[in-house]
Amino acid sequence: MHMARILFPNAIIRTVALLLLLWGSIATAQAQGCSQPSNLNSNVFSPGSVSLRWSAIQGARSYTLQYRLGNAGAWTIGGTITATNLTLSNLLPERVYTWRVKASCSTYSSVATFNSGGGVGGNTACSSPSNQQATTLSPSSVSLSWSAIEGSFNYTVQYRRSNVSAWTTAGSVPGTNLTLSGLVANTEYNWRVKASCSVYSSIDKFNTGSTTVGGGTGTGGGSTSCSAPSNTNTNVVLPTSAQVSWEPQGGALNYTVQYRLATSSTYITVGTVTAANATITGLQAGREYVWRVKANCSPNGSDVQFSTPFAFTSTTAAAPLSNQANLRLFPNPVTTDVVHIQTEATGGQLFILNSAGQVLANELITDGVQTLDVSRLNNGLYFIRVQQAGGKNQVQKLVVAR
């Protein structure tokens, strides 16, 4: 039996061939005809929960995401979705995960990492924060700051008193600073900070500020986050008061001044000031004192010595001074720029005072006959006071008449 052969027009054959070719091209494009997803980013919502996102790929019908713990091991499929973000849950806290994503028309992207966040431990996916700084805001609060760490989504701060072993977690913040409050005044603390992707930093210290108690006593405290004030000066000394000053300290909010008698070990707190100067009042005439100053962020500075003059009146200044046989001035009146002072108080202090009792100059007595330059003194009445090492004072009047 002879079968009839069906002939198709050439136009139909060509159309079918083109359709088959187009279908094959589309299938190939869907398999590998687009770029891999890029801009892989992560954002941790809570310990064990993270949101992952990436850039959209034109022509992609869906995306498949894989993740795993660490850099090795089997991949877990997080899901296949049509959106460009996916949230993973039930992760182990404080762990570093790797992840990747592919479009329906691409191969997998390069691997990215994220930290699952969590408690007080840490991992080593990034460096620990550095450049730790502490600034005392008040006797019970301090501001802490540190350097930013790339890839960290937050920072956790812990602190403790220096004599306590247990740490207190202040909280987690997204920025690089945190203010602690409710602290104990005049107390040394330790603190440390960690990024979400790091272990804790090295331990740093700060001291809380001191309370302001005018006229109180004590040795003072101070933090060590800045240096003690320098260039301390005793500018004006009167029989019962003294004006003192110092170099302003960068970062200091205020300063605390204390003083004491040279023969006493107990300091008296003048008070806390914001300027770089203060006036000490309530002093005794003719006595030796020391004073010191601290910034709110520093330890106490070195002691500075000064002596208060005797309280001369116009009557007593002109009257003869008795019991001064061991102190001689010559020539007196002095008509040149030099006066010689004979005294037995070698090793003591010599002071020049004006008729109001203000100290104009002082120097150490190094010889039994001391030569004193008076070229800067105007004509008038002055007093020379010699203070011996044992505290005994001798005073003689000096007349300058050039």
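The values are calculated or read from the model by the stated rules, or taken from the named source; none is laboratory data. Quantities reported herein were computed from a predicted structural model and do not represent experimental measurements. Positions of Cβ are backbone-derived with ideal geometry, glycine not excepted, and every protein chain shown enters the neighbour counts.
Considering the range 171-209, the residues that are surrounded by fewer than 22 Cβ atoms within 10 Å (Cβ to Cβ) and among the hydrophobic types (A, V, I, L, M, F, W, C) include one that is nearest to Asn115 (Cα to Cα), namely Val199.
Right, Tyr255: surrounded by 15 or more Cβ atoms within 10 Å (Cβ to Cβ), hydroxyl-bearing (Ser, Thr, Tyr) and within 18 Å of Val236 (Cα to Cα) or not? Against the criterion (surrounded by 15 or more Cβ atoms within 10 Å (Cβ to Cβ), hydroxyl-bearing (Ser, Thr, Tyr) and within 18 Å of Val236 (Cα to Cα)), Tyr255 does not qualify. Screening Ser245 with (1) of a type in the set (S, T, N, Q); (2) touching a Ser or Thr at 6+ places or on another chain (Cβ under 8 Å); (3) closer than 27 Å to Gln394 by Cα gives one miss only, at (3). Of all the listed residues (Val334, Val369, Val400), the sole one being at pLDDT 85 or above, of a type in the set (A, V, I, L, M), more than 22 Å from Gln284 (Cβ to Cβ) and touching a Ser or Thr at 6+ places or on another chain (Cβ under 9 Å) is Val400. What do you reckon, is Thr343 out of contact with any helix residue (DSSP H, G or I) (no Cβ under 6 Å at 6 or more places or on another chain) and farther than 21 Å from Ala401 by Cβ? Here the answer is yes, as Thr343 does meet what is asked.
Closer than 17 Å to Pro309 by Cβ and in contact with a Gly (Cβ under 8 Å, 6 or more places away or on another chain), is that true of Asn362?
When the stated conditions are applied, Asn362 does not pass them.
Meeting the requirement of 2 or more residues that are closer than 20 Å to Leu350 by Cα and of a type in the set (Phe, Trp, Tyr), the strands (runs of 3 or more DSSP E) wholly within the range 231-297 are 288-295. Checking each residue in the range 83-141 for being β-branched (Val, Ile, Thr) and at pLDDT below 85 picks out Val96, Thr113, Val120, Thr124, Thr135, Thr136.
Selection of the range 76-109 for residues being assigned to a loop (DSSP other than H, G, I, E, B) and over 22 Å from Arg61 (Cβ atoms) yields Ser89, Asn90, Leu91, Leu92, Pro93, Glu94, Arg95. May I ask you to list pairs of residues, at least six apart or on different chains, whose Cβ atoms are under 8 Å apart, with the first in the range 295-306 being more than 12 Å from Cys226 (Cβ to Cβ) and the second being modelled with pLDDT of 80 or more and of a type in the set (Phe, Trp, Tyr)? Going by the 8 Å Cβ cut-off, the qualifying pairs are Asp303/Trp291; Val304/Trp291; Gln305/Tyr289; Phe306/Tyr289; Phe306/Trp291.
For (1) assigned to a strand (DSSP E or B); (2) crowded, with 16+ Cβ neighbours inside 10 Å, each residue gets a yes or a no:
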| residue | (1), (2) |
| --- | --- |
| Thr136 | yes, yes |
| Val142 | yes, yes |
| Ser147 | no, no |
| Glu150 | no, no |
| Phe153 | no, yes |
| Val157 | yes, yes |
| Arg160 | yes, no |
| Asn163 | no, no |
| Thr169 | yes, no |
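Of all residues in the range 351-400, exactly one satisfies the criterion of being within 24 Å of Asn233 (Cβ to Cβ), of a type in the set (Val, Ile, Thr) and surrounded by fewer than 13 Cβ atoms within 10 Å (Cβ to Cβ), namely Thr366.
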